[in-house]
Amino acid sequence: MYRFTGIILSALLVAETGSAQTLTDSITVDAQTRRALEGARQRTVRYQPGDETVLPGETGLFILEKIDIFSVRGGASMGFSSNPARNDLGGPESPFVSAFVDAGVDTRIDQSFDVGARFSLSTTQFTGVDNLSSTAAILSGYVGREIAYGVYAQADFNLGWSIANGGLSDATAFYGAGLSLRRGFLLHPRVALTPSVSAGYSGSEVSELESYSISGGAELDVLVAEGLTTKTSAQVIFREFPDFFESTTGVARHDLAFSLGVAASYALSDFAAANISLGYTTNQSSLDISDYDNIDGLLGASIIFKF
């Protein structure tokens, strides 16, 4: 349904040097940006009720309740991607190594509003395809609260730069905002199910990468044993691109992607954990060069210090 049938046209575009190179380069930049954002979102810290103390002072709108509101984190991992370019050109599979460090604040205001901000620096280096390696710097934030019947509403924003191996001269700015609703259900003292829906906007210094999205999904979290947790997730996302080289391709691009992931984390100590994950994504696009299937596997470790 979402597949553009002009395969010959796409092949001609790839063979050309001008606009075709810009098109494929833009797909690469989009893959680098989304990989950095996905990693940052997965690492987002959320306020957890139950570990709080009211600070001294008069009761008011801006009394902070949580003592350990600051955190610094870091981590490193190695993995494998079956399609790191996230396109239909048949590019090589590749192992990769990645690392991140970030710092931020997460707290609750007036016993109802959760707020946070974080700066993250991450890098992913592919050993088989050098042009896909990149470093990203991201400033992100959120505001959220429970609105009714256990439904939690959250607004997010991000501003960042994706830096290719060419250095700062190859940096691409990107930004975005979104709104999500989620509801947690405790199926068992050790099992929680959280369905969610969201809508968002993504902008970029590369104007053709501007897009709007809506998504829905669910996460199943299980406390298997003391210190060992697993997460199973599924998501479907629709992205609409107002003008992704439509004058060149003659095709208005819109993508429908489905992803499924499983992950496990084992606490090595109060501040360190070992992590493993496996994810599959299939993307169907009206522009057939943007169709792809990808499998990512990851093994790593992370640390976090709160104060």
*asked:* Could you list, ordered by first residue, the pairs with Cβ atoms under 7 Å in which the first is in region 127-139 and more than 9 Å from SER162 (Cβ to Cβ) and the second is modelled with pLDDT under 90 and open to solvent by 80 Å² or more (accessible area, probe 1.4 Å), at least 6 apart or interchain?
replied: GLY128/GLU93; ASP130/ASN165; SER133/ASN165
_If PHE244 meets every condition in (1) open to solvent by less than 40 Å² (accessible area, probe 1.4 Å); (2) free of Cβ contacts under 8 Å to residues at least 60 places away in the same chain apart from one, which number is that one?_
(2)
*Please determine, by comparing only the residues of region 288-300 that are open to solvent by less than 50 Å² (accessible area, probe 1.4 Å) and touching a Gly at 6+ places or on another chain (Cβ under 9 Å), which one is farthest from ARG73 (Cα to Cα).*
ASP288
_If a residue must be open to solvent by 40 Å² or more (accessible area, probe 1.4 Å) and not in a strand (DSSP E or B), how many such residues does region 194-222 contain?_
4
_Anything in region 73-98 that is open to solvent by 40 Å² or more (accessible area, probe 1.4 Å) and within 19 Å of the chain's Cα centre (by Cα)? List them, or say none._
ALA76, MET78, PHE80, VAL97
*When residues of region 109-151 are limited to those that are of a type in the set (A, V, I, L, M, F, W, C) and outside any strand (DSSP E or B), the one surrounded by the most Cβ atoms within 10 Å (Cβ to Cβ)*: LEU132
*How many residues does region 252-307 hold that are without any contact (Cβ under 8 Å) to a residue 40 or more places away in the chain and aromatic (Phe, Trp, Tyr)?*
4
*When region 197-213 is examined, which residues are found to be at pLDDT below 95 and aliphatic (A, V, I, L, M)?*
VAL206, LEU209
*Within region 247-267, tally of residues that are open to solvent by 50 Å² or more (accessible area, probe 1.4 Å) and under 15 Å from LEU278 (Cα atoms)*: 3
*Residues satisfying the stated conditions in region 226-241, i.e. in a strand (DSSP E or B), out of contact with any Lys or Arg (no Cβ under 9 Å at 6 or more places or on another chain) and open to solvent by less than 50 Å² (accessible area, probe 1.4 Å)*: THR230, SER233, ALA234, ILE237
*Applying the selection to region 96-110, what residues are of a type outside the set (Ser, Thr, Tyr) and more than 19 Å from ILE295 (Cα to Cα)?*
ALA99, PHE100, VAL101, ASP102, ALA103, GLY104, VAL105, ASP106, ARG108, ILE109, ASP110
*In region 170-182, is there at least one residue being at pLDDT below 95 and aliphatic (A, V, I, L, M)?*
yes
*Among the residues of region 172-192, write down those that are open to solvent by 30 Å² or more (accessible area, probe 1.4 Å) and either of a type in the set (D, E, K, R) or closer than 30 Å to GLN32 by Cα (or both).*
TYR175, ALA177, LEU179, LEU181, ARG182, ARG183, ARG190
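The values are calculated or read from the model by the stated rules, or taken from the named source; none is laboratory data. No experiment lies behind these values; they were computed from the predicted model shown. No Cβ is skipped: glycine too gets one built from the backbone with ideal geometry, and neighbour counts run over all protein chains shown. The protein model used for the area step is the full one, side chains on, heavy atoms only, and it has no ligands, DNA or RNA in it. Shrake-Rupley method; radii C 1.70, N 1.55, O 1.52, S 1.80 Å.
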